[in-house]
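J.: Sending over a structure as C-alpha cells; questions will come in a sec.
Just so it is clear, none of the values below were taken in a lab; they were calculated from the coordinates. Nothing here was measured: the structure is a model prediction, and the numbers come from that model. Cβ: placed from backbone, ideal geometry, glycine included. Neighbour counts: every protein chain shown.
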C-alpha cells in the first residue's frame with residue numbers, strides 16, 4: 001500500500017513540477033505581428049542578404065544572416081519556417097565539378113603567422129560545396145552574392161552553363177529551381193507575405209573593390225556589354241529596380257527595402273592609410289637615403305618638365321605615401337627618357353647604380369616607362385584593403401621583366417618593390433576621380449530607392465547609409481560596449497572589410513525590427529548583439 | 001488548533017517571505033513533514049541532526065532512522081525584451097540520511113549521523129542565454145557527525161560533535177557570450193573536483209521547563225570547502241587565441257584550479273509544545289550566516305587567471321512551523337509550513353542558484369508497523385513566486401553586463417524513511 005502511494009506521489013511530482021509564468025513569452029498573443037504577416041517571409045538580395053562574411057559564404061555566416069536572425073524573431077509572432085541554401089562547411093569557397101573554383105574564396109580568420117604575428121589569413125581546408133550539386137526545394141533566403149540590380153529578374157541566371165567567370169551565377173546555380181529560373185521567379189513562387197529587398201550595392205561596389213579598374217557605364221543601357229567590375233548606368237538601375245520591386249509587392253506583400261551604404265566608407269577603403277610606409281620598418285628605413293638619391297635624379301626631371309608635383313620623396317621621420325600609377329595623369333614616359341639622355345650627369349648616375357657604360361639608353365627608357373604616369377598618394381586617394389598585403393613586397397613579374405633587359409637581379413629587385421620603386425597598379429587604389437563616379441552612381445541609385453519606398457505604404461525604408469555613418473562616427477552601443485566600423489577590432493565589419501560580422505548583421509536586424517514595429521504596429525522583440533560573434537580566431 | 005495555525009500563517013505571510021543558496025533542508029522524513037522543525041522535538045534518531053542534545057531524552061536504548069527524498073526541482077527563465085524562454089532540465093536530487101543513537105547509561109548517549117545538507121544540481125540547456133554564467137552545476141556534500149550527549153538533569157541536556165564533510169563539485173560555463181572556435185562551438189570551461197574534505201562541529205542544548213514544553217538551541221559551525229588543484233578542462237578554445245589589446249598569445253590549455261565555497265554557520269532556536277494529548281506543535285527559527293559568501297573566486301593556473309563572480313549573499317532567516325497528530329495507534333500524521341528567506345540579493349540573482357524567497361508546505365505520516373518500527377513518508381512542496389531579477393556583475397570588455405529576466409522555480413520532494421527503536 002505504501003508503495004502505491006509513493007509511486008503516485010512520484011508521478012504527481014513529475015507532472016506538477018513544470019514552473020510556468022503567469023504571462024509567458026511563449027503565449028500565442030504575447031508578441032504581435034501588428035498588421036504585417038510573417039507566415040511566408042522571403043529575402044531577396046545580394047551577399048548582404050546571403051550572410052556573406054569574412055570573404056565568403058560559410059555555414060556559420062549563413063546562420064547569422066540578417067534574414068535568418070529576423071526570421072527567428074518573426075517566429076515569436078506567427079512567422080513560419082525559414083529555409084536557407086546552406087553550404088556544406090565552415091571553410092567557405094566552392095567546387096565546380098570537383099575542382100576548387102576561383103570564383104569563391106576560403107573564409108578569412110585571424111591566425112598566427114609563422115612569424116608569431118596574429119593577422120587575417122585564409123582558413124586551412126578544402127571547400128566541399130559543389131556548385132553543380134543543385135539543392136532541391138525552395139529557399140526563403142534568396143540572397144545571391146555579387147548579384148546586381150539587372151540580374152535578379154534574369155531568366156536562366158542560375159544555369160550551370162552561366163557559371164564561368166562571374167561569381168553570382170556560381171552561388172545561385174546551387175539552389176536555382178531550374179536552369180531557366182530567375183532569382184525573382186524563385187522568390188515569388190513562394191507567394192511571400194513579407195519580404196526584404198536589398199539590392200544595388202554590387203552595381204557600384206564591385207567597381208570600387210577593384211580600385212576602379214572597371215568602366216563607368218553611364219549612358220550605356222546594354223547590360224550585356226558590362227563586365228562584372230563596371231558601374232551600372234543609373235537609368236538601367238531605376239528601370240530594373242522599379243520592375244523588380246513591383247513584382248515583389250504585386251501579391252500584396254509588405255516588406256523592407258534598404259538603400260545602399262556609402263561604398264567608400266567601409267573598412268575596405270578606410271583601413272590602409274595613404275601614407276603606409278613606416279621609416280622605422282627595418283626593411284624600409286635604412287633604404288630611404290639611397291631611394292631619395294635615386295628619385296632625386298628623377299625629381300629634377302619632373303621639375304624640368306613642369307610637373308614638380310610628381311616628385312617622389314620618402315621621409316626618414318614620418319610615414320611616407322606610396323608611389324602609384326595614376327592613369328588620369330598625362331603620360332610623360334618619352335619626355336622623361338629624353339631629358340635623362342640629354343642630362344650630362346646621367347651616365348655617372350647609371351654607373352652609380354652598378355650598370356656598365358653603354359646602358360644609359362636602356363636605363364633611361366626603363367625609368368621613363370616606369371615613372372611616366374606616377375605620383376605619390378595623398379589624402380584624397382584610397383588604398384584598398386588587399387593593398388596592405390602587397391605594399392613593400394617584390395613584384396616578381398617586374399623583376400623578370402627587368403632581368404630580361406640585362407638588369408642584374410639585385411638591381412631588378414631594388415626597382416620592383418611595390419609602392420616604393422614599383423608603382424602600385426590601378427586596382428590597388430581608388431583615385432579621387434573614381435571615387436566621384438562611385439558616389440554619383442550611388443546617390444542616383446539611392447534616390448530611386450527612397451522615392452519608390454516613399455510611394456508605397458506597404459514598404460518600410462531602411463536607411464543603411466545612415467547606419468554606416470553611425471558606425472563610422474562613434475559607433476552603435478550595445479550592452480558590453482560599442483560596435484564601430486574599425487577593421488578587425490571594431491566588431492561591425494568582418495575580416496573582408498566589406499561585409500558585416502554576425503554582430504553587425506544582428507544590429508541590422510534590430511534596426512529593421514524597430515522600423516517594422518513602428519510602421520506595422522507590431523511588437524517583435526529584438527536580439528541582443530552581445531551574443532553574436534565578431535571576427536573568428538583560428 | 002487549526003485556528004492557531006491559520007492565525008500564525010496569516011501573520012507571517014504578510015511579512016517577508018523566507019532559505020536558500022545551495023542548502024537543502026531535508027534531513028529527516030518525520031521532521032520534514034513538520035516543516036523541518038526539530039530543534040526542540042524529541043522524536044526519533046533524526047533528532048540527532050536537529051539538536052544533538054535531544055539524544056538524551058529519546059525513548060529506548062537504541063534508535064535508528066534512515067530515509068531519503070527525491071527532489072524534483074525545475075526553474076523557468078524568460079526574458080521579454082529578447083523573447084527568450086528556457087527551462088532547466090535538472091537531474092533528480094536525492095538527499096539521504098542515516099542516524100543511529102545509543103544510550104550508554106542514564107546520562108550519556110552516543111550517536112552517529114550521516115546526511116547530505118548541501119547540494120545543488122542545476123542543468124540549463126547547453127549554450128542557453130545565460131551560459132556565460134552557468135551551463136550546469138552539481139554540488140554534493142556528505143556530512144558525517146559522531147555525536148555525544150550528556151543529560152545534566154531531567155530538564156537539561158547538552159550535546160555536540162565534530163562534523164566531517166566530504167564534497168564534490170562540477171561546474172561548467174561558457175567563457176563569455178560569443179567566443180567560439182571556427183566551427184561555432186562555444187568556448188567553455190568545466191571545473192571538477194571530488195573528495196574535498198573539511199571539518200566543522202555542532203553543539204546543542206535541550207531544556208524541558210515543563211513536561212509538555214521543550215526549548216532547544218543548536219549551533220552548526222561554518223564549514224569551508226576548499227579546492228586546491230582541481231581539474232579545469234577548457235573546451236573549444238581557438239588554437240591561436242590571443243589578447244586583442246596586446247596581441248599576446250593566451251594559454252588556455254587544461255590545467256588546475258583553486259576555489260573555496262563556504263557552508264555557513266547556522267543558529268537555530270525553537271520550542272515544541274504538546275497539547276490535548278495527541279498534538280505536538282513545533283517552531284524553529286533558523287539564522288544562517290550566508291554573508292560569508294561574498295564571491296565565487298576561481299583561480300586558474302593558466303592565462304584564464306582569476307575569475308571572480310561577486311555573490312554578496314546576506315544572512316538569511318527561516319521560520320518553521322510544524323504540527324504532529326497521533327491520530328491512531330498505527331498512524332501519526334504531520335504537517336508544516338516554513339518561510340524561507342533567500343540569501344540572494346537583488347542584482348546578484350545568478351542562474352546557478354536561482355533561489356528567491358520561498359514557502360515550503362510539508363506533510364507526511366508515519367505508519368507504525370509495531371512498537372519498534374515505523375515507516376515515515378514525507379512530502380514537500382516548495383513554492384516560489386515569479387521574480388524579476390538580474391545578475392549585474394558579469395563583465396565583458398571591462399564593463400558590467402546584466403543578465404536579467406523573470407524566474408520561476410518549483411520544487412517537489414516526496415520522501416520515505418524508516419525509524420527503529422530498541
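J.: Kindly put A:142, A:512 in sequence by how many other C-beta atoms sit within 10 Å of each C-beta, fewest to most.
T.: A:512, A:142
J.: In addition: Once both axes come from the Cα atoms, what is the angle between helix A:288-304 and the longest principal axis of chain A, in degrees from 0 to 90, rounded to 10?
T.: 70 degrees
J.: Using only alpha carbon pairs under 8 Å that are at least six residues apart, calculate the relative contact order of region B:99-149 and give it in whole percent.
T.: Computed value for region B:99-149: 42 percent relative contact order.
J.: Enter the mean number of other protein chain beta carbons within 10 Å of the beta carbon of each residue in B:68-76, as an integer.
T.: 3
J.: Order these peptides, B:209-215, A:45-51, B:230-236, by their mean beta-carbon neighbour count within 10 angstrom, highest first.
T.: A:45-51, B:230-236, B:209-215
J.: What is the distance in Å between the Cα centroid of region A:111-126 and that of region A:44-93?
T.: Between the Cα centre of region A:111-126 and that of region A:44-93, the gap is 26 Å.
J.: Roughly what angle does helix A:333-342 make with the longest principal axis of chain A, taking Cα atoms, 0 to 90 degrees, to the nearest 10?
T.: Taking the Cα atoms of chain A, the angle to A:333-342 is about 30 degrees.
J.: Just how many % of Cα pairs in the protein assembly as shown lie over 47 Å apart, if you round to the nearest whole percent?
T.: I get 46 percent for the Cα pairs in the protein assembly as shown exceeding 47 Å.
J.: As a footprinting exposure proxy, order B:189, B:39 by other Cβ within 10 Å, with the fewest listed first.
T.: B:189, B:39
J.: Also: For B:241, A:166, which order do you get if you count the other beta carbons within 10 Å of each Cβ and list the fewest first?
T.: Arranged by neighbour count, lowest to highest, B:241, A:166 become A:166, B:241.
J.: Determine the relative contact order of chain A: mean sequence separation of Cα pairs under 8 Å and six or more apart, normalised by residue count, in whole percent.
T.: Rounded, it is 17 percent for chain A.
J.: OK, next. Need one number: convex hull volume per residue for region A:398-439, Cα atoms only, in Å³.
T.: Given the Cα convex hull of region A:398-439, per-residue volume reads 67 Å³.
J.: Going by alpha carbons, how many degrees (0 to 90, nearest 10) lie between the helix axis of A:360-371 and the longest principal axis of chain A?
T.: Value to nearest ten degrees: 30.
J.: Please give the average number of partner chain Cβ atoms lying within 10 Å of the Cβ of each residue in B:411-421, rounded to a whole number.
T.: Shielding by partners across B:411-421 averages 3.
J.: Still on this structure, I have one more. Determine, for each peptide in B:155-162, A:284-291, the mean count of other beta carbons within 10 angstrom over its residues, then list the peptides with the highest first.
T.: B:155-162, A:284-291
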